[in-house]
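K.L.:
Have a look at this one.
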């Protein structure tokens, strides 16, 4: 599932950074300290869409 993100970026991913309608993820804490948006591949988008959202937790992974 290559996305163009770093491990630490994906580990800290929150649902607030994910835009399922647009098929993008915006990383706020990056190596360059500037926000960066990436377009998700269809398989990655499908996986994120199918993932459960737990009440009380905004983290994706």
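Bear in mind that the values in this text are calculations on the coordinates, not laboratory data. Computed from a predicted structure; not experimentally measured.
K.L.:
Answer with a single label: of (1) 31, 27, 19; (2) 49, 13, 10; (3) 55, 24, 15, which was calculated as Cα extents along the principal axes in Å from the structure in view?
P.N.:
(1)
K.L.:
Also, I was wondering about something else. Could you work out which residue, out of 26, 14, 49, moves most in a Gaussian network model of the chain, that is, has the largest mean-square fluctuation with Cα springs under 10 Å?
P.N.:
Judging by the Gaussian network model, the answer is 49.
K.L.:
With each run of n ≥ 4 DSSP H residues scored as -39500 (n - 2.57), what mean residue ellipticity at 222 nm is computed for the chain after dividing by its residue count and rounding to the nearest 500 deg cm²/dmol?
P.N.:
So the helix-based figure for the chain works out to -5500 deg cm²/dmol.
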